[in-house]
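The structure appears below as structure tokens.
Laboratory data are not the source of any read-out in this text; all were calculated from the coordinates shown. This structure is a prediction, so every number in the text was calculated from the model and none was measured.
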Amino acid sequence: MRACYAVVLGSALGLLHAQTITKPVRVTVTVKDSTGAVIPKADVALAEVSRDVATRSQVVTRNVTSAEGEASFDLAQGQYELIVTAVGFSQLHRPIEVSGPTSQGVMAVLNVSMCGPCLDVTPNEPVALERSEALTQLIPAAALPQLTLSPRSSRRSRTNRAD
């Protein structure tokens, strides 16, 4: 009878131990830009890191950041690749290790990507427009001061003024 209790007790302890090892870890990824401002609506994906070089990592889960720039996941402990994308920013790929015990925070900092075709407007310089079928609206000169300048344009304008 004692042997039976020992087996049942040993099995129960083994089951409890197995549950604590496999309990998911709550991982919260916070996405910010290089100035520290949060980036809402960024796509955050986590892929399992494949041990086989010939096999690509498979995306396990993905989420979109909240207005606070956060996305949360419940993950098993292990190695993952963090992949973060957001409009106007360079994509981030970074390995992370999920190691528990119950929660873990991860910071992802994105850099502003180079914009595509840009129009730099500086005061007292004529703006030359090419004829194009893609031109759908002409902006009156009076509206130009009200337009918001991108940081890249602001830097370039300051540089042009210094010359």
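Tell me, what HN-Hα J-couplings in whole Hz come from the Karplus equation 6.51 cos²θ - 1.76 cosθ + 1.60 at θ = phi - 60° for each residue of the range 88-95, using x for Gly and Pro?
Using θ = phi - 60°, the values come out as x, 10, 6, 6, 10, 10, 8, x Hz.
Once the principal axes of the Cα atoms of the range 23-110 are found, what is the range along each, listed largest first in whole angstroms?
Computed over the range 23-110, the largest-to-smallest principal extents equal 36, 31, 18 Å.
For Q58 and V109 in the same chain, what is the full-extension length gain: residue separation times 0.36 nm, less their Cα-Cα distance, in nm? If you can, show how the numbers build up before the last one.
Values: separation 51, 0.36 × 51 = 18.36 nm, distance 2.27 nm.
Here the segment from Q58 to V109 would lengthen by 16.1 nm.
Can you list the residues, at least 5 places off or on another chain, whose amide H is less than 5 Å from the amide H of S66, using H built in the peptide plane?
K41, A71
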